[in-house]
Amino acid sequence: MQNKTAMHDLFATAELELAQNYRSLIDDLNVGIAIYGSNGHLLCVNQSYYDLHCISTNDVTIGMTMFEVIEQTVQSKKFGNYDASKVHKMVKDTFENGEAFRIELLDKNERKLRISRHLKPNKMVVETVEHLAADTTLNNFSQDPNLKHAPSLTMEELTAALNRTPDGFGLYSPDGQLLAYNKNYVTLNPDIAHAIRIGARHADIIAAVYDGGKVEMNGQTREDYLAYAKKERLEPSGATAHRNADGKWVRFSAHRLDNGCTIFNVADITQLKHHELLTRDLSQQAATQEVQLHYALANMSQGLAMYNERQEVLVWNDRYIKMTGVDPAIMKKGTPRIDILRNSIERGHYSKEKAAETLKRYEENGFTSKESVYLHHLADGRIIEVHNRPVSNNYTIVTMSDVTQREHDTARLAKYTRNLERSNAELQDFAYVASHDLQEPLRKIEAFGDRLAKKYGDTLPEDGSMYLNRMQNASSRMRQLINDLLTYSRLTNKTRPFNPVDLNDIVKGALSDLHVRLEETGGKVETKGLGIIDGDAVQLRQLFQNLISNALKFHKPDEAPIIHVNGETITLEDSFGQPIAIHRIKVSDNGIGFDRRFKDQIFAIFKRLHGRMEYEGTGIGLSTCRKIVDQHFGTIEADGEEGVGSTFKIDIPVKYAGEDNQ
C-alpha cells in the first residue's frame with residue numbers, strides 16, 4: 001500500500017511539473033486553455049481562459065475539481081435548462097464513450113463560444129475555449145488539415161509555441177504524410193532524425209525505426225511492426241514507452257482527430273522512469289530485507305520481541321512465544337506487554353510463588369525504560385534470563401535466553417568452591433597445627449639425644465654410636481621439614497599489603513642470608529635489569545633465596561656455580577585482551593640441570609628428583625616458590641638440560657591491580 005501511495009504521489013508530481021512546463025507555452029495564446037490532472041484537479045490555466053469565460057482569477061484556482069470549475073463557468077453562460085451537474089455528467093458520459101466533449105453556446109455578451117474537453121491517454125484532460133465567428137468553423141489548429149484557417153492562432157504563434165514545449169509533436173494527414181512537427185519531435189527521436197521531414201510518409205519513418213535496430217521489437221517481423229504502427233496511427237490504443245540508444249526513455253501516444261489527421265506526442269520520461277525503477281528496486285530491497293529479518297528471527301536461539309513506547313508489542317519470533325508460554329492467538333501487533341505476562345501466568349507458565357512476585361513487580365513499577373536483566377523461574381524448572389534493552393524512540397527490545405544449565409553450573413561451581421575453600425582451610429590448619437605441635441616432641445628428642453651423646457658418647461659401643469648419630473641426623477631433617485611446612489603454610493594465609501619493591505634490594509638481602517653457602521661453594525651471582533614491582537618484600541626475598549639456594553645446592557662437583565639473575569619489563573595481554581606490563585625474571589645456573597620431562601613435577605610438594613643421600617633438602621622449596629609467585633598473580637616455569645644447567649622464568653605484573661582484576 002505504501003508503494004502504491006508513493007507511486008501515486010510520484011505521478012501526481014510529474015503531472016504537475018508537466019503542466020507547469022506548458023504554462024509558459026499557453027500564457028501567450030488567445031485561446032483559453034485549462035489542464036486537469038489524472039485525478040481530476042486543475043493543474044494549469046491561462047489568462048485567456050478567464051477572459052473568455054468572463055470570470056476572475058479568484059473564481060477558478062489551481063487544485064479545484066472539474067465539477068467545481070464548471071460550477072463557476074456556467075454562471076456566465078446561457079445554458080438554458082442545463083446546470084453544472086448536468087454539464088459535468090455530459091462530460092463524463094462523453095469520455096466513457098471514448099469521445100471528446102464539445103459544446104457551442106453564447107456567453108453573457110451574446111458572443112458565440114466553443115468549449116472542448118479532451119481526455120488524454122494518460123487520463124489528463126485538456127479544456128479549450130475559443131470565440132466563433134458567424135462564418136467560421138473550428139479554429140483549433142489540430143482540426144484543420146492545412147493549419148491555415150485559425151484566425152485566433154497564427155502559424156508563427158503555433159510554431160513558436162510548439163517549439164517551446166518539452167514534448168515532441170508530429171501532425172500526420174489522414175493518408176499518413178507528415179504535415180508539421182516541432183524540434184523536439186526530432187530531438188527525442190535521434191535514431192530516425194534523417195527520416196523526419198515534411199511530406200515524409202509515416203510508414204517510411206516507422207521502417208527507419210525498425211531498420212535502425214535501436215528499439216526492442218520483442219520478436220516482431222518488419223511487416224508485423226509496420227502493420228502495428230499503421231493501426232496505432234489510425235486507431236490509437238494507448239501510450240507506449242521504450243529506451244533510446246542514448247539511454248533516454250520516451251513515451252509515444254497518438255490522438256486521432258475528427259478530420260482524420262493524427263497527432264503523435266513524444267515525451268521524455270527518463271526521470272519518471274528512473275523514479276519508477278528506483279521505487280521498484282526499493283520495494284524489492286524492502287521485501288528482501290523483510291524475508292531476511294524473518295529468517296533471522298526464526299533461527300535465533302533466543303526469544304526476541306520489540307515493544308513501542310507504550311510497551312505494546314510490534315515484532316516477535318516463535319521462540320519468544322515458546323519461552324513466555326503465551327497463547328499464540330493473543331500475540332497481535334499492539335498487544336500490551338502486561339497482558340502477555342498475565343496470559344503466561346494464567347496458563348501456568350510460572351510457579352505460583354514466582355508468578356505472584358513477577359506480576360507484582362511489573363504492576364507496581366511498570367516495565368523499566370532502562371537496561372535491565374531479570375531471571376524468570378518457570379514452573380517446569382527452567383530459568384529464563386530476560387534482558388530489556390532501550391533503543392531509539394523509547395522502544396524496547398526484549399531478549400529471552402534459557403540459562404537453566406548456566407545457572408545450575410554456576411550453583412554447582414559455587415558449591416565446589418565453598419567445599420574447596422573449606423578443605424583448603426582445614427588442610428592449612430592441619431599443616432600449621434601439625435608442624436607446630438611436632439616441634440615439642442622433636443625438641444625433646446633433640447635434647448635427650450644431645451645429652452646422651454655428651455654423657456655416654458665415649459662409652460657407647462660402635463653400633464650404639466651409629467644409632468645415636470642416625471637419630472640426631474633424622475631429627476635435624478625433621479626440624480628442617482617442620483620449618484619448611486610452617487613457611488609454606490604461612491604463604492597460604494593472608495598476605496601483607498603489596499607495596500613497590502626494588503628487586504635489586506631483595507636479591508642483595510637474599511645473598512646476605514646465603515653468604516656462608518656462597519663461600520663454601522665458591523659461587524658467584526650476577527644481576528642485571530631488575531626493576532621495581534608491587535609485591536610482598538618478605539615473600540619475594542624468600543623466592544630469590546630458594547631459587548639461588550637451589551642453584552648452589554645442585555652445582556657440579558668440579559665447577560664453581562655461576563648464577564645469573566636477569567630482569568626486563570615487557571608488555572603482554574591479560575585474559576581480557578588488554579595490554580599489561582609484566583616484569584620477567586630469569587634465574588639461570590650452570591649446574592647439573594634436569595630432564596625436561598620433570599619440568600612440571602619439580603614444583604610439586606615433597607617432590608625430589610635426587611635421593612636424600614645425594615642432595616639434602618625436603619622437597620618443599622620449589623613448591624614454596626610457586627606459591628609465592630601465585631600470590632603475586634604471576635607464573636613460573638622451569639627449563640633445564642642434564643649436565644648443562646637450569647633456568648627458571650618468572651612473570652609478575654609490575655602493578656598490583658587487585659585480586660578481582662587479575
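Checking every residue in region 535-552 against the condition of being surrounded by fewer than 19 Cβ atoms within 10 Å (Cβ to Cβ) and among the charged types (D, E, K, R) gives zero matches. Here is a list of conditions, (1) at pLDDT 80 or above; (2) not in a helix (DSSP H, G or I), and Ala150 meets all of them except one; can you say which number that is? So Ala150 meets the others, but not (1). Please verify whether Ala84 is among the aliphatic types (A, V, I, L, M) and modelled with pLDDT under 75, treating the condition exactly as stated. Here the answer is no, as Ala84 does not meet what is asked. The numbered conditions (1) surrounded by 16 or more Cβ atoms within 10 Å (Cβ to Cβ); (2) of a type in the set (Gly, Ala, Ser); (3) assigned to a strand (DSSP E or B) are all true for Ala229 except (3). Does region 573-604 hold any residues that are open to solvent by 70 Å² or more (accessible area, probe 1.4 Å) and more than 20 Å from Leu540 (Cβ to Cβ), and which are they? Within region 573-604, Glu573, Ser575, Phe576, Gln578, Pro579, Arg596, Arg597, Lys599, Asp600, Gln601 qualify. Considering only residues that are open to solvent by less than 50 Å² (accessible area, probe 1.4 Å) and either touching a strand residue (DSSP E or B) at 6+ places or on another chain (Cβ under 9 Å) or at positive phi (or both), which ones fall in region 514-528? The answer is Leu514, Leu518, Gly522, Gly523, Val525. Give the residues of region 605-638 that are modelled with pLDDT of 85 or more, closer than 24 Å to Arg517 by Cβ and either open to solvent by 70 Å² or more (accessible area, probe 1.4 Å) or aliphatic (A, V, I, L, M) (or both), sorted by residue number. Answer for region 605-638, where residues must be modelled with pLDDT of 85 or more, closer than 24 Å to Arg517 by Cβ and either open to solvent by 70 Å² or more (accessible area, probe 1.4 Å) or aliphatic (A, V, I, L, M) (or both): Arg626, Ile628, Val629, Ile636, Ala638. I'm checking my understanding of the structure. Among residues of region 540-595 that are of a type in the set (Phe, Trp, Tyr) and in contact with a helix residue (DSSP H, G or I) (Cβ under 8 Å, 6 or more places away or on another chain), which one is farthest from Thr521 (Cα to Cα)? Result: Phe594. Within region 174-185, the set of residues being crowded, with 18+ Cβ neighbours inside 10 Å and either of a type in the set (Gly, Ala, Ser) or out of contact with any Phe, Trp or Tyr (no Cβ under 7 Å at 6 or more places or on another chain) (or both) comprises Gly176, Ala180, Asn184. Can we say Asp258 is part of a loop (DSSP other than H, G, I, E, B), open to solvent by 50 Å² or more (accessible area, probe 1.4 Å), at pLDDT below 85 and among the charged types (D, E, K, R)? Taking the combined requirement at face value, the residue satisfies it.
Do you know which of the residues in region 20-43 that are of a type in the set (Gly, Ala, Ser) and surrounded by fewer than 19 Cβ atoms within 10 Å (Cβ to Cβ) is modelled with the lowest pLDDT?
Ser24
If you go through region 388-418 and pick out every residue that is assigned to a helix (DSSP H, G or I) and in contact (Cβ under 8 Å) with a residue 40 or more places away in the chain, you end up with 2.
Restricted to region 204-219, and to residues there that are over 19 Å from Ser253 (Cβ atoms) and either in contact with a helix residue (DSSP H, G or I) (Cβ under 7 Å, 6 or more places away or on another chain) or hydrophobic (A, V, I, L, M, F, W, C) (or both), the residue that is modelled with the highest pLDDT is Asp204. Based on this model, can you work out whether Ile563 counts as closer than 22 Å to Asp651 by Cα and assigned to a helix (DSSP H, G or I)? So Ile563 fails the test.
Scanning region 574-605 for residues that are over 49 Å from the mean Cα position of the chain (by Cα) and either under 21 Å from Gly535 (Cα atoms) or assigned to a strand (DSSP E or B) (or both) yields Val587, Ser588, Asp589. With respect to the conditions (1) assigned to a helix (DSSP H, G or I); (2) touching a residue at least 40 places away in the same chain (Cβ under 8 Å); (3) of a type in the set (D, E, K, R), Glu519 falls short on a single one, namely (2). In region 100-111, the condition of being under 30 Å from Glu235 (Cβ atoms), of a type outside the set (A, V, I, L, M) and surrounded by 13 or more Cβ atoms within 10 Å (Cβ to Cβ) is met by at least one residue. Out of Glu312, Glu363, I need the residue that is open to solvent by 20 Å² or more (accessible area, probe 1.4 Å), at pLDDT 80 or above and either among the charged types (D, E, K, R) or within 25 Å of Ser301 (Cβ to Cβ) (or both). Which one? The conditions single out Glu312. Within region 652-660, does at least one residue satisfy the condition of being modelled with pLDDT under 85, under 30 Å from Met478 (Cβ atoms) and either open to solvent by 50 Å² or more (accessible area, probe 1.4 Å) or among the charged types (D, E, K, R) (or both)? The answer is no, given that none of the residues of region 652-660 is modelled with pLDDT under 85, under 30 Å from Met478 (Cβ atoms) and either open to solvent by 50 Å² or more (accessible area, probe 1.4 Å) or among the charged types (D, E, K, R) (or both).
The values are calculated or read from the model by the stated rules, or taken from the named source; none is laboratory data. Values in this document were obtained by computation on a predicted structure and should not be read as measured data. All Cβ positions, glycine included, derive from the backbone under ideal geometry; neighbour counts span all protein chains shown. SASA here: full protein model, heavy atoms, side chains in, ligands and nucleic acids out. Shrake-Rupley method; radii C 1.70, N 1.55, O 1.52, S 1.80 Å.
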